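One structure below.
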Amino acid sequence: MQQYLDLLSHVMENGTDRMDRTGTGTRGVFGHQMRFVLSEGFPMVTTKKLHKKSIVHELIWFLAGDTNIGYLQENGVKIWDEWADENGDLGPVYGKQWRRWEGPEGRVIDQVKSVVEAIKNNPYSRRHIVSAWNPADVDDMALPPCHCLFQFFVAPQENGKDKLSCQLYQRSADIFLGVPFNIASYALLTHMMAQICDLDVGDFVHTFGDAHIYSNHFEQVREQLTRAPKPLPRLKLNPDVTEIDGFTYADVKILGYEAHPHIAGKVAV
Ligand SMILES: Nc1nc(=O)c2c([nH]1)NC[C@@H]1CN(c3ccc(C(=O)N[C@@H](CCC(=O)O)C(=O)O)cc3)CN21
Ligand SMILES: O=c1ccn([C@H]2C[C@H](O)[C@@H](COP(=O)(O)O)O2)c(=O)[nH]1
């Protein structure tokens, strides 16, 4: 995960200090890109311990089209608690847009299902896109989507089997708390999509708009930068799952995850 450590030190050294919506203050850059070759290991940050549970349950929750934190709470995942209303609702956030985008005349679009079909039937298309950024709905969301658009790309390999890559555009990124989750989440999604479409995994490309470190995370970041990255774990998905809606928590195994101790930080609300 040298790419992640490079981003931390790049922003610490070259970022611009600004005030932000939460009143905390950030140091940030505009525009950055990281690339993870998924066949080399599962990109989970090793310089602080991450909660596998939060990452996997959150993705399953997005894929279920759910926008109420009830499922997360039942599974001990608290990362969305601060943004939910008294009924646990977040408004039309990721799950809604991924699975039930509402178009004109009541048309409902399942972007995830459409992209699975398109990858299977027309793999080299340049239109394999899912957008969570729905301008008509943004004002009703508890938080406008940060990881707002992703695209898949299928390419031939010498072994004769095609491979699937994914690129995410993240408009706003909390590098210390959010980004380690976002990397692992999209890497997991890419593995799931590849299995469903009978493809190998290619790269996960992570592209950022405003990539920032909150000022109350500087100390934690300095600590992390003293730590040496460890070898990456491997992901093992249950090979019997053949549909994107078929994955449960038990179908996702992360093997050999060795990390430095957890470093706590306050989330800016
Ligand atoms: N400021 C901010 N940063 C974010 O990363 C973020 C938001 N807001 N709002 C919406 C979601 C919620 N996300 C979150 C929220 C909290 C943690 C967090 O507190 N992480 C701790 C504990 C993790 C756990 O309980 O599993 C960590 O140490 O990673 C991470 C991501 C990502 N998003
Ligand atoms: O998946 C996520 C979700 C949120 N974030 C961070 C990025 C920002 O620090 C805040 C959102 O605030 P805005 O004012 O709406 O940009 O949450 C993240 O890094 N990853």
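The values are calculated or read from the model by the stated rules, or taken from the named source; none is laboratory data. Just so it is clear, the model here is predicted, and its values are computed rather than measured. Heads up, the Cβs are rebuilt from the backbone with ideal geometry, glycines too, and the neighbour counts pull from every protein chain shown. With ligands, DNA and RNA removed, areas are computed over all heavy atoms of the protein, side chains included. Shrake-Rupley method; radii C 1.70, N 1.55, O 1.52, S 1.80 Å.
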Query raised in the report: For the range 172-194, what are the residues that are of a type outside the set (A, V, I, L, M), part of a helix (DSSP H, G or I), near ligand 1 (Cβ under 9 Å from one of its atoms) and in contact with a strand residue (DSSP E or B) (Cβ under 7 Å, 6 or more places away or on another chain)?
Result: Asn182
Report task. List every residue pair whose Cβ atoms sit under 7 Å apart, with the two residues 6 or more apart in sequence or on different chains, where the first one lies in the range 140-152 and is farther than 15 Å from Asn68 by Cβ and the second, anywhere, is among the acidic types (Asp, Glu) and part of a strand (DSSP E or B). Result -> none
Report task. Hey, can you tell me all the residues within the range 1-26 that are open to solvent by 20 Å² or more (accessible area, probe 1.4 Å), within 13 Å of Phe176 (Cβ to Cβ) and under 22 Å from the mean Cα position of the chain (by Cα)? Result -> Ser9
Query raised in the report: Can you find even one residue in the range 220-236 that is out of contact with any Asp or Glu (no Cβ under 8 Å at 6 or more places or on another chain), of a type in the set (Gly, Ala, Ser), part of a helix (DSSP H, G or I) and surrounded by fewer than 17 Cβ atoms within 10 Å (Cβ to Cβ)?
Result: no
Requested in this report: Filter the range 56-108 for residues that are of a type in the set (S, T, N, Q) and within 16 Å of ligand 2 (Cβ to nearest atom) and give the result.
Outcome: Thr67, Gln97
Query - Sole residue being part of a loop (DSSP other than H, G, I, E, B) and open to solvent by less than 30 Å² (accessible area, probe 1.4 Å), chosen from Asn159, Asn134, Asn87 - result: Asn134
Report summary line: Counting only residues that are under 21 Å from Ala142 (Cα atoms), of a type in the set (Asp, Glu) and in contact with a strand residue (DSSP E or B) (Cβ under 9 Å, 6 or more places away or on another chain), the range 10-63 contains a total of 1
Requested in this report: Filter the range 243-258 down to residues that are open to solvent by less than 30 Å² (accessible area, probe 1.4 Å) and touching a residue at least 40 places away in the same chain (Cβ under 8 Å) and give me whichever is farthest from Ile119 (Cα to Cα).
Outcome: Val252
Report task. Within the range 27-44, identify whether any single residue is within 27 Å of Gln111 (Cβ to Cβ), open to solvent by 20 Å² or more (accessible area, probe 1.4 Å) and of a type in the set (Val, Ile, Thr), and answer yes or no. Result -> yes
